[in-house]
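Visitor: Quick one: structure below, then a few questions.
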Amino acid sequence: MEIHAAIQQDPQWAAFQFETPLNLTGNFQFKNVDEAANAPLVQQLFYLPFVKEVHLSAHQLLVERFNILQWEEVLVEVADQIKSYLKEGGQVF
């Protein structure tokens, strides 16, 4: 399963965009773990202390971070977590 990471260019978003094999209809925004109660993948991402928001759409997952660190410090960790979750058959919703 291919997961590609591409920098979201908008500087107001301290975010990374991951292109995934998901085929979702609609756009979804989660601001905390409680809002992600029906989205196990998103819940898992919120357990990372630097995750601020998660956005899902068609084939993209956008992870916004708090400014407590730089993406270079955690990008591999986030990408590996998403890839492992999806490879193991984890459900998005």
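The values are calculated or read from the model by the stated rules, or taken from the named source; none is laboratory data. Please read these numbers as outputs of a predicted model, since none were measured by experiment. No Cβ is skipped: glycine too gets one built from the backbone with ideal geometry, and neighbour counts run over all protein chains shown. Quick note on the areas: whole protein, heavy atoms, side chains included, nothing else; ligands and nucleic acids left out. Shrake-Rupley method; radii C 1.70, N 1.55, O 1.52, S 1.80 Å.
Visitor: Kindly provide the set of residues from region 63-93 that are in contact with a Phe, Trp or Tyr (Cβ under 7 Å, 6 or more places away or on another chain), outside any helix (DSSP H, G or I) and closer than 19 Å to Q29 by Cα, ordered by number.
Guide: Answer for region 63-93, where residues must be in contact with a Phe, Trp or Tyr (Cβ under 7 Å, 6 or more places away or on another chain), outside any helix (DSSP H, G or I) and closer than 19 Å to Q29 by Cα: V63, E64, R65, F66.
Visitor: Identify all residues within region 56-66 that are at pLDDT 85 or above and buried (at least 16 other Cβ atoms within 10 Å of the Cβ); write none if there are none. Spell out the reasoning first.
Guide: Filtering region 56-66 down to residues at pLDDT 85 or above leaves 56-57, 61-66.
Answer for region 56-66, where residues must be at pLDDT 85 or above and buried (at least 16 other Cβ atoms within 10 Å of the Cβ): L56, L61, L62, V63, E64, R65.
Visitor: Name the one entry in V33, V42, V54 that is of a type in the set (V, I, T), part of a loop (DSSP other than H, G, I, E, B), touching a Phe, Trp or Tyr at 6+ places or on another chain (Cβ under 9 Å) and under 16 Å from V92 (Cβ atoms). Talk me through it step by step, then tell me what you get.
Guide: Working: V42 fails: part of a loop (DSSP other than H, G, I, E, B); V54 fails: part of a loop (DSSP other than H, G, I, E, B).
Just one listed residue meets the conditions, V33.
This table checks each residue for (1) out of contact with any helix residue (DSSP H, G or I) (no Cβ under 7 Å at 6 or more places or on another chain); (2) at pLDDT 85 or above; (3) under 16 Å from N23 (Cβ atoms); (4) open to solvent by less than 20 Å² (accessible area, probe 1.4 Å).
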{"position": "F46", "(1), (2), (3), (4)": "yes, yes, no, no"}
{"position": "P49", "(1), (2), (3), (4)": "yes, yes, no, no"}
{"position": "V54", "(1), (2), (3), (4)": "no, yes, no, yes"}
{"position": "I68", "(1), (2), (3), (4)": "yes, yes, no, no"}
{"position": "K83", "(1), (2), (3), (4)": "yes, no, no, no"}
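Visitor: Quick check: anything in region 33-44 modelled with pLDDT under 80 and open to solvent by 50 Å² or more (accessible area, probe 1.4 Å)?
Guide: From region 33-44, those modelled with pLDDT under 80 are none; that's our starting set.
No, the conditions are met nowhere in region 33-44.
Visitor: Give region 57-68 a look and list any residue that's more than 15 Å from F93 (Cα to Cα) and not basic (K, R), or say none.
Guide: Taking region 57-68 first, the residues more than 15 Å from F93 (Cα to Cα) are 62-68.
L62, V63, E64, F66, N67, I68 - these are the residues of region 57-68 that are more than 15 Å from F93 (Cα to Cα) and not basic (K, R).
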